[in-house]
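Nothing in this text is a laboratory measurement; each read-out follows from the coordinates by a stated rule. The structure presented is a predicted model; accordingly, all values stated were derived computationally and were not measured. Glycine also receives a Cβ, built like all others from the backbone with ideal geometry; neighbour counts cover every protein chain displayed.
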Amino acid sequence: MGKFAGKIGLLGLALALAGALVLVGCGGSGQAAPAKTDTLSGELPDILTAILDGAEEIMGEAGRLGMTFNEEVTAEGSQGMLGLTAEQFELYVDKAYASNAAIISIAHEVALIKCKDFDAAAEVKALAAGGFDPLKWVCVVPERCFVMDSGSYVLLAATALPIADALGQSFEALADGNAGETNVFYTSE
């Protein structure tokens, strides 16, 4: 009985080690989670402008964003612009700016949200994905809506597909690769 118990103990240890290796090997998609640090810096409107300029550069001459206007988002306007209630905005957000198409018949909005901390950014990312209304425009809808985060910042975009792709690339480049997964929560396809 002693030899049998010893073999079972060794078998159990081997299985435990194999399980640990599987968990370590399958812990992600091979892409490291973003570090808990802010690699974006500067004034929020300037960072948003850099993201928009980077997206235009990625798209080239044919991919101009057109006429847009940038504005600060307040708690009172956060439901319509970010999908966050005023209470959620006050709880999680330090400051937010949005860039919208100057013509209401074009479904285009890009918002950059500076959250109070990293945990708040994770909450805002989830809340915006669940609360943003992609059908808020008159007679038009965006082709893609997504949120992505980097440190305590969250990017929300609702726009045409090529612009959405370029915005995501620009945000990730500006964050020095320190961006979390993109959560695409709406497509018109």
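Calculate the spin-label point distance for Glu61 paired with Ser105, positioning each point 7 Å from the Cα along the beta-carbon direction, and give it in nanometres.
2.8
With θ taken as phi - 60° and the coefficients 6.51, -1.76 and 1.60, list the Karplus ³J(HN,Hα) couplings across region 156-162 in order, rounded to whole Hz; mark glycine and proline as x.
So the J values, rounded to whole Hz, are 10, 9, 9, 6, 6, 4, x.
Multiply the residue separation of Asn70 and Lys116 by 0.36 nm, subtract the distance between their alpha-carbon atoms, and state the gained length in nm to one decimal.
14.4 nm
Note the per residue figure in Å³ for the convex hull of the C-alpha positions in region 44-187.
Numbers: hull volume 13.1 nm³, N = 144.
Value for region 44-187: 91 Å³ per residue.
Roughly how many whole Å is it from the C-alpha centroid of region 91-108 to that of region 125-147?
Value for the Cα centre distance between the two parts: 11 Å.
For a quick protection proxy, order the peptides 70-77, 158-165 by their average other-Cβ count within 10 Å, most packed first.
Per-residue Cβ counts within 10 Å, averaged per peptide and sorted highest first, yield 158-165, 70-77.
Straight-line reach from Lys136: which aspartates and glutamates have Cα under 13 Å away, leaving out those fewer than 8 places along the same chain?
Once the sequence-local aspartates and glutamates are set aside, what remains near Lys136 is Glu109.
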